[in-house]
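**Student:** Pasting a structure below so you can have a look.
The values are calculated or read from the model by the stated rules, or taken from the named source; none is laboratory data. All values reported here derive from a predicted model rather than from experimental measurement. Here Cβ is always computed from backbone atoms with ideal geometry, including for glycine, and neighbour counts include all displayed protein chains.
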Amino acid sequence: MNYPDLENKTVLVTGASRGIGRAIAEALAKQKAHVVFNYRGDESKANELAEHLKSLGASKVGAIQFDVTDFDMMKTNIDAYVKENGPISGLVNNAGISKDQLVLRVKPEDIDSILNVNLKAAMVLTNHLSRQFLKAKDVSVVNMSSVVGLMGNISQSVYAASKAGMIGFTKSFAKELASRKVRCNAVCPGFIATEMTENLEEKAKDHYLQAIPLGSYGETEDVAALTLFLLSNSSKYITGEVIKVDGGLYI
Ligand code: NAP
(Lines give C-alpha, C1' and ligand atoms only; values in the text may rest on other atoms or scores of the structure.)
Protein backbone atom coordinates (compact mmCIF):
# COMPACT_ATOMS: atom_id res chain seq x y z
CA MET A 1 0.00 0.00 0.00
CA ASN A 2 1.72 3.16 -1.17
CA TYR A 3 0.05 6.55 -1.63
CA PRO A 4 2.74 9.05 -2.67
CA ASP A 5 0.27 11.97 -2.51
CA LEU A 6 -0.12 11.43 1.24
CA GLU A 7 3.52 12.43 1.77
CA ASN A 8 3.56 15.76 3.69
CA LYS A 9 -0.25 15.93 3.59
CA THR A 10 -1.53 17.41 6.88
CA VAL A 11 -4.13 15.06 8.33
CA LEU A 12 -5.89 15.53 11.66
CA VAL A 13 -7.07 12.29 13.31
CA THR A 14 -9.26 12.59 16.41
CA GLY A 15 -9.12 9.83 19.03
CA ALA A 16 -5.69 8.55 17.96
CA SER A 17 -4.52 7.62 21.47
CA ARG A 18 -5.61 4.00 20.92
CA GLY A 19 -7.67 1.60 18.83
CA ILE A 20 -8.71 2.44 15.28
CA GLY A 21 -7.53 6.08 15.45
CA ARG A 22 -4.05 5.04 16.50
CA ALA A 23 -3.82 2.51 13.65
CA ILE A 24 -4.85 5.26 11.20
CA ALA A 25 -2.23 7.67 12.60
CA GLU A 26 0.43 4.93 12.35
CA ALA A 27 -0.54 4.06 8.78
CA LEU A 28 -0.39 7.76 7.83
CA ALA A 29 3.05 8.07 9.46
CA LYS A 30 4.30 5.17 7.32
CA GLN A 31 3.18 7.17 4.24
CA LYS A 32 5.32 10.10 5.50
CA ALA A 33 2.27 12.27 6.14
CA HIS A 34 2.18 15.24 8.50
CA VAL A 35 0.11 13.60 11.24
CA VAL A 36 -1.85 15.74 13.70
CA PHE A 37 -3.79 14.24 16.62
CA ASN A 38 -5.63 15.50 19.67
CA TYR A 39 -5.06 14.44 23.25
CA ARG A 40 -7.21 15.12 26.28
CA GLY A 41 -4.88 15.50 29.25
CA ASP A 42 -1.88 13.24 29.45
CA GLU A 43 0.91 15.22 27.80
CA SER A 44 3.57 12.57 28.37
CA LYS A 45 1.45 9.96 26.52
CA ALA A 46 0.91 12.45 23.70
CA ASN A 47 4.68 13.02 23.49
CA GLU A 48 5.25 9.25 23.41
CA LEU A 49 2.77 8.88 20.55
CA ALA A 50 4.38 11.79 18.69
CA GLU A 51 7.83 10.18 19.00
CA HIS A 52 6.39 6.82 17.89
CA LEU A 53 4.80 8.36 14.78
CA LYS A 54 8.05 10.14 13.90
CA SER A 55 9.92 6.85 14.22
CA LEU A 56 7.46 5.28 11.75
CA GLY A 57 8.29 7.95 9.16
CA ALA A 58 5.86 10.86 9.66
CA SER A 59 7.23 13.96 7.93
CA LYS A 60 5.93 16.04 10.84
CA VAL A 61 3.78 15.37 13.92
CA GLY A 62 1.48 17.72 15.80
CA ALA A 63 -0.28 17.06 19.11
CA ILE A 64 -3.14 19.43 19.92
CA GLN A 65 -4.80 19.40 23.32
CA PHE A 66 -8.60 19.30 23.31
CA ASP A 67 -11.56 17.19 24.31
CA VAL A 68 -13.78 16.95 21.22
CA THR A 69 -16.78 18.14 23.27
CA ASP A 70 -14.98 21.30 24.41
CA PHE A 71 -15.82 23.12 21.20
CA ASP A 72 -14.19 26.44 22.14
CA MET A 73 -10.90 24.83 23.15
CA MET A 74 -11.00 22.63 20.05
CA LYS A 75 -11.41 25.58 17.69
CA THR A 76 -8.91 27.85 19.48
CA ASN A 77 -6.15 25.24 19.68
CA ILE A 78 -6.64 24.04 16.10
CA ASP A 79 -6.59 27.61 14.78
CA ALA A 80 -3.33 28.27 16.64
CA TYR A 81 -1.81 25.09 15.19
CA VAL A 82 -2.91 25.92 11.64
CA LYS A 83 -1.58 29.48 11.91
CA GLU A 84 1.86 28.11 12.70
CA ASN A 85 1.90 24.96 10.56
CA GLY A 86 -0.33 25.58 7.56
CA PRO A 87 -3.75 24.25 6.53
CA ILE A 88 -5.22 20.86 7.26
CA SER A 89 -6.29 19.00 4.12
CA GLY A 90 -7.29 15.65 5.61
CA LEU A 91 -9.60 15.02 8.54
CA VAL A 92 -10.59 11.77 10.22
CA ASN A 93 -13.47 12.18 12.66
CA ASN A 94 -12.78 9.05 14.66
CA ALA A 95 -13.15 9.85 18.38
CA GLY A 96 -16.14 7.99 19.75
CA ILE A 97 -17.70 6.36 22.78
CA SER A 98 -20.25 3.63 23.32
CA LYS A 99 -22.43 2.93 26.30
CA ASP A 100 -24.66 -0.07 25.81
CA GLN A 101 -28.02 0.03 27.53
CA LEU A 102 -31.56 -1.07 26.82
CA VAL A 103 -33.99 1.60 25.61
CA LEU A 104 -35.83 1.41 28.95
CA ARG A 105 -32.71 2.41 30.86
CA VAL A 106 -31.36 5.20 28.66
CA LYS A 107 -31.05 8.49 30.55
CA PRO A 108 -31.30 11.86 28.79
CA GLU A 109 -27.76 12.74 29.95
CA ASP A 110 -26.42 9.56 28.27
CA ILE A 111 -28.08 10.63 25.03
CA ASP A 112 -26.36 14.00 25.34
CA SER A 113 -22.90 12.59 25.97
CA ILE A 114 -23.01 9.96 23.20
CA LEU A 115 -24.44 12.34 20.61
CA ASN A 116 -21.99 15.07 21.63
CA VAL A 117 -18.86 12.94 21.24
CA ASN A 118 -19.91 10.77 18.30
CA LEU A 119 -21.86 13.24 16.18
CA LYS A 120 -21.95 16.87 17.28
CA ALA A 121 -18.17 17.09 17.79
CA ALA A 122 -17.51 15.76 14.27
CA MET A 123 -20.00 18.23 12.82
CA VAL A 124 -18.62 21.23 14.74
CA LEU A 125 -15.03 20.33 13.82
CA THR A 126 -15.74 19.65 10.14
CA ASN A 127 -17.82 22.81 9.77
CA HIS A 128 -15.12 24.85 11.50
CA LEU A 129 -12.43 23.54 9.15
CA SER A 130 -14.55 23.89 6.03
CA ARG A 131 -13.52 27.52 5.48
CA GLN A 132 -9.88 26.52 5.17
CA PHE A 133 -10.83 23.41 3.19
CA LEU A 134 -12.05 25.77 0.47
CA LYS A 135 -8.52 27.12 0.13
CA ALA A 136 -6.65 23.80 0.47
CA LYS A 137 -5.94 21.15 -2.20
CA ASP A 138 -7.11 17.53 -2.37
CA VAL A 139 -9.26 17.77 0.74
CA SER A 140 -10.72 14.53 2.05
CA VAL A 141 -12.81 14.01 5.18
CA VAL A 142 -13.42 10.53 6.57
CA ASN A 143 -16.13 10.06 9.18
CA MET A 144 -16.04 6.97 11.38
CA SER A 145 -19.58 5.64 11.45
CA SER A 146 -20.48 1.99 12.19
CA VAL A 147 -22.49 -0.90 10.73
CA VAL A 148 -24.68 -0.35 13.79
CA GLY A 149 -25.68 2.98 12.25
CA LEU A 150 -26.95 1.02 9.24
CA MET A 151 -28.59 -1.99 10.85
CA GLY A 152 -29.42 -0.88 14.43
CA ASN A 153 -28.65 -3.05 17.42
CA ILE A 154 -30.16 -4.12 20.71
CA SER A 155 -28.83 -1.98 23.60
CA GLN A 156 -27.28 0.50 21.17
CA SER A 157 -30.18 2.76 20.22
CA VAL A 158 -28.30 5.98 21.06
CA TYR A 159 -25.00 4.82 19.59
CA ALA A 160 -26.82 3.68 16.43
CA ALA A 161 -28.57 7.06 16.15
CA SER A 162 -25.24 8.88 16.48
CA LYS A 163 -23.64 6.74 13.78
CA ALA A 164 -26.66 6.99 11.45
CA GLY A 165 -26.51 10.76 11.97
CA MET A 166 -22.88 10.67 10.86
CA ILE A 167 -23.99 9.14 7.55
CA GLY A 168 -26.58 11.86 6.91
CA PHE A 169 -23.99 14.50 7.73
CA THR A 170 -21.40 12.85 5.46
CA LYS A 171 -23.74 12.79 2.46
CA SER A 172 -24.93 16.37 2.97
CA PHE A 173 -21.41 17.73 3.46
CA ALA A 174 -20.23 15.81 0.39
CA LYS A 175 -23.04 17.27 -1.75
CA GLU A 176 -22.52 20.80 -0.49
CA LEU A 177 -18.75 20.95 -1.02
CA ALA A 178 -18.26 18.68 -4.04
CA SER A 179 -18.16 21.64 -6.44
CA ARG A 180 -15.14 22.89 -4.45
CA LYS A 181 -13.46 19.46 -4.81
CA VAL A 182 -13.79 18.73 -1.10
CA ARG A 183 -14.64 15.04 -0.60
CA CYS A 184 -16.31 13.40 2.38
CA ASN A 185 -16.97 9.69 2.96
CA ALA A 186 -18.08 7.48 5.83
CA VAL A 187 -16.50 4.25 6.98
CA CYS A 188 -18.62 1.66 8.80
CA PRO A 189 -16.53 -0.80 10.77
CA GLY A 190 -18.20 -3.97 12.00
CA PHE A 191 -16.68 -5.70 15.01
CA ILE A 192 -13.08 -4.54 15.36
CA ALA A 193 -10.94 -5.75 18.27
CA THR A 194 -10.23 -2.65 20.40
CA GLU A 195 -10.81 -1.49 23.99
CA MET A 196 -14.32 -0.46 22.90
CA THR A 197 -15.30 -4.03 22.01
CA GLU A 198 -13.12 -5.69 24.68
CA ASN A 199 -15.66 -4.73 27.36
CA LEU A 200 -18.58 -6.56 25.71
CA GLU A 201 -19.93 -9.66 27.44
CA GLU A 202 -18.52 -12.97 26.15
CA LYS A 203 -22.04 -13.96 25.04
CA ALA A 204 -22.30 -10.87 22.84
CA LYS A 205 -18.81 -11.46 21.39
CA ASP A 206 -19.70 -15.08 20.51
CA HIS A 207 -22.92 -13.90 18.92
CA TYR A 208 -21.00 -11.43 16.69
CA LEU A 209 -18.42 -14.03 15.72
CA GLN A 210 -21.12 -16.46 14.58
CA ALA A 211 -22.70 -13.71 12.49
CA ILE A 212 -19.51 -12.69 10.63
CA PRO A 213 -19.28 -14.61 7.33
CA LEU A 214 -15.49 -14.11 7.09
CA GLY A 215 -15.27 -15.81 10.49
CA SER A 216 -13.15 -13.44 12.55
CA TYR A 217 -13.19 -10.03 14.19
CA GLY A 218 -11.64 -7.22 12.20
CA GLU A 219 -8.29 -5.64 13.01
CA THR A 220 -7.69 -1.93 13.41
CA GLU A 221 -5.36 -2.11 10.38
CA ASP A 222 -8.31 -3.20 8.20
CA VAL A 223 -10.09 0.06 8.97
CA ALA A 224 -6.87 2.06 8.59
CA ALA A 225 -6.28 0.61 5.11
CA LEU A 226 -9.66 1.82 3.84
CA THR A 227 -9.28 5.19 5.56
CA LEU A 228 -5.92 5.77 3.90
CA PHE A 229 -7.39 4.97 0.49
CA LEU A 230 -10.20 7.48 1.10
CA LEU A 231 -7.75 10.17 2.25
CA SER A 232 -5.55 9.65 -0.80
CA ASN A 233 -6.05 10.76 -4.37
CA SER A 234 -6.55 7.13 -5.39
CA SER A 235 -10.18 7.73 -4.35
CA LYS A 236 -10.42 11.14 -6.06
CA TYR A 237 -13.72 10.29 -7.78
CA ILE A 238 -15.40 8.94 -4.64
CA THR A 239 -17.49 11.17 -2.39
CA GLY A 240 -20.61 10.78 -0.26
CA GLU A 241 -19.97 7.04 -0.03
CA VAL A 242 -20.62 4.79 2.93
CA ILE A 243 -18.25 1.82 2.99
CA LYS A 244 -18.39 -1.13 5.39
CA VAL A 245 -15.35 -2.95 6.79
CA ASP A 246 -17.18 -5.72 8.57
CA GLY A 247 -16.22 -9.15 7.25
CA GLY A 248 -19.70 -9.41 5.75
CA LEU A 249 -21.50 -8.90 9.09
CA TYR A 250 -24.17 -6.76 7.43
CA ILE A 251 -24.75 -8.00 3.90
P1 NAP B 1 -11.52 3.17 21.52
O2 NAP B 1 -10.44 2.15 21.46
O3 NAP B 1 -12.43 3.18 22.70
O4 NAP B 1 -10.85 4.63 21.32
C5 NAP B 1 -11.65 5.77 21.35
C6 NAP B 1 -10.81 7.00 21.06
O7 NAP B 1 -11.67 8.14 21.10
C8 NAP B 1 -9.72 7.23 22.09
O9 NAP B 1 -8.58 7.74 21.47
C10 NAP B 1 -10.33 8.27 23.01
O11 NAP B 1 -9.39 9.12 23.65
C12 NAP B 1 -11.12 9.11 21.99
N13 NAP B 1 -12.16 9.90 22.65
C14 NAP B 1 -13.29 9.44 23.25
N15 NAP B 1 -13.97 10.47 23.76
C16 NAP B 1 -13.27 11.59 23.47
C17 NAP B 1 -13.46 12.97 23.75
N18 NAP B 1 -14.53 13.42 24.42
N19 NAP B 1 -12.54 13.85 23.30
C20 NAP B 1 -11.45 13.42 22.63
N21 NAP B 1 -11.19 12.13 22.34
C22 NAP B 1 -12.11 11.23 22.76
O23 NAP B 1 -12.48 3.07 20.25
P24 NAP B 1 -12.27 2.37 18.82
O25 NAP B 1 -12.85 1.01 18.89
O26 NAP B 1 -10.90 2.58 18.33
O27 NAP B 1 -13.32 3.24 17.96
C28 NAP B 1 -12.92 4.36 17.16
C29 NAP B 1 -14.11 4.82 16.35
O30 NAP B 1 -14.59 3.73 15.55
C31 NAP B 1 -15.31 5.25 17.22
O32 NAP B 1 -15.95 6.34 16.61
C33 NAP B 1 -16.21 4.03 17.20
O34 NAP B 1 -17.56 4.35 17.42
C35 NAP B 1 -15.96 3.51 15.79
N36 NAP B 1 -16.28 2.09 15.64
C37 NAP B 1 -15.61 1.13 16.33
C38 NAP B 1 -15.95 -0.20 16.16
C39 NAP B 1 -15.24 -1.31 16.85
O40 NAP B 1 -15.67 -2.47 16.67
N41 NAP B 1 -14.20 -1.06 17.61
C42 NAP B 1 -16.99 -0.55 15.28
C43 NAP B 1 -17.67 0.46 14.60
C44 NAP B 1 -17.29 1.79 14.77
P45 NAP B 1 -8.91 8.87 25.19
O46 NAP B 1 -7.78 7.88 25.11
O47 NAP B 1 -8.52 10.22 25.65
O48 NAP B 1 -10.09 8.32 25.92
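**Student:** Show the residue pairs that are 6+ apart or on different chains and have beta-carbon atoms under 6 Å apart, the first residue being within the stretch 84-108 and in contact (Cβ under 8 Å) with a residue 24 or more places away in the chain and closer than 30 Å to Phe133 by Cβ, the second being aliphatic (A, V, I, L, M) and part of a loop (DSSP other than H, G, I, E, B).
**Tutor:** Partner pairs satisfying both residue conditions: Pro87/Ala136; Ser89/Ala136; Ser89/Val139; Ala95/Val68.
**Student:** While we're looking at this one, here's another question. Taking the stretch 178-192, which residues are touching a strand residue (DSSP E or B) at 6+ places or on another chain (Cβ under 7 Å) and either among the hydrophobic types (A, V, I, L, M, F, W, C) or surrounded by fewer than 22 Cβ atoms within 10 Å (Cβ to Cβ) (or both)?
**Tutor:** Matches in the stretch 178-192: Cys184, Ala186, Val187, Cys188, Phe191, Ile192.
**Student:** Can you confirm whether Lys32 is more than 16 Å from the ligand (Cβ to nearest atom) and not in a helix (DSSP H, G or I)?
**Tutor:** Against the criterion (more than 16 Å from the ligand (Cβ to nearest atom) and not in a helix (DSSP H, G or I)), Lys32 qualifies.
**Student:** Please enumerate the residues belonging to the stretch 219-229 that are within 14 Å of the ligand (Cβ to nearest atom) and of a type in the set (A, V, I, L, M).
**Tutor:** Val223, Ala224, Leu226
**Student:** What number of residues within the stretch 11-57 are buried (at least 22 other Cβ atoms within 10 Å of the Cβ) and among the polar types (S, T, N, Q)?
**Tutor:** Residues that pass the stated criteria total 3.
**Student:** Now for a separate question. Considering only residues that are more than 7 Å from the ligand (Cβ to nearest atom) and under 18 Å from the mean Cα position of the chain (by Cα), which ones fall in the stretch 146-157?
**Tutor:** Gly149, Leu150, listed by residue number.
**Student:** OK, next. For the stretch 99-130, name all the residues that are under 20 Å from the mean Cα position of the chain (by Cα), at pLDDT 95 or above and not hydrophobic (A, V, I, L, M, F, W, C).
**Tutor:** Asp112, Ser113, Asn116, Asn118, Lys120, Thr126, Asn127, His128, Ser130
**Student:** May I ask you to list the residues in the stretch 173-213 that are of a type outside the set (D, E, K, R), within 11 Å of the ligand (Cβ to nearest atom) and in contact with a helix residue (DSSP H, G or I) (Cβ under 7 Å, 6 or more places away or on another chain)?
**Tutor:** Passing the criteria: Ala186, Val187, Cys188, Pro189, Gly190, Phe191, Ile192, Thr194, Met196.
Condition check ((1) of a type in the set (Asp, Glu); (2) at pLDDT 95 or above; (3) closer than 24 Å to Pro4 by Cα) across all residues:
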site: Tyr159; (1), (2), (3): no, yes, no
site: Ile167; (1), (2), (3): no, yes, no
site: Val182; (1), (2), (3): no, yes, yes
site: Val187; (1), (2), (3): no, yes, yes
site: Gly190; (1), (2), (3): no, yes, no
site: Lys203; (1), (2), (3): no, no, no
site: Thr220; (1), (2), (3): no, yes, yes
site: Phe229; (1), (2), (3): no, yes, yes
site: Ser235; (1), (2), (3): no, yes, yes
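**Student:** How do the pairs read when you match residues in the stretch 17-29 that are over 10 Å from Thr227 (Cα atoms) and within 10 Å of the ligand (Cβ to nearest atom) with residues anywhere that are among the charged types (D, E, K, R) and modelled with pLDDT under 95, using Cβ under 9 Å and keeping only pairs 6 or more apart or on different chains?
**Tutor:** Hits for this filter: Ser17/Asp42; Arg18/Glu195; Gly19/Glu195.
**Student:** What's the number of the only condition in (1) closer than 13 Å to Leu231 by Cα; (2) within 12 Å of the ligand (Cβ to nearest atom); (3) acidic (Asp, Glu) that Asp5 fails to meet?
**Tutor:** So the condition that Asp5 fails would be (2).
Here's the yes/no breakdown for (1) among the β-branched types (Val, Ile, Thr); (2) in contact with a helix residue (DSSP H, G or I) (Cβ under 7 Å, 6 or more places away or on another chain):
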position: Leu104; (1), (2): no, no
position: Ile111; (1), (2): yes, yes
position: Val117; (1), (2): yes, no
position: Met123; (1), (2): no, yes
position: Lys135; (1), (2): no, no
position: Ala160; (1), (2): no, yes
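**Student:** Sort out for me the helices (runs of 4 or more DSSP H) sitting completely within the stretch 42-141 that have 1 or more residues that are among the acidic types (Asp, Glu).
**Tutor:** Once the helices (runs of 4 or more DSSP H) in the stretch 42-141 are filtered for at least 1 residues that are among the acidic types (Asp, Glu), what remains is 43-56, 71-85, 108-115.
**Student:** Identify the residue in the stretch 79-130 that is among the hydrophobic types (A, V, I, L, M, F, W, C) and more than 19 Å from Asp67 (Cα to Cα) and, among all such residues, is surrounded by the fewest Cβ atoms within 10 Å (Cβ to Cβ).
**Tutor:** Restricting to residues being among the hydrophobic types (A, V, I, L, M, F, W, C) and more than 19 Å from Asp67 (Cα to Cα), the top hit is Leu104.
**Student:** Hey, any hits in the stretch 58-69 for a residue that's away from the ligand (no atom under 11 Å from the Cβ), more than 20 Å from the chain's Cα centre (by Cα) and among the aliphatic types (A, V, I, L, M)?
**Tutor:** No, there is no match, as no residue in the stretch 58-69 is away from the ligand (no atom under 11 Å from the Cβ), more than 20 Å from the chain's Cα centre (by Cα) and among the aliphatic types (A, V, I, L, M).
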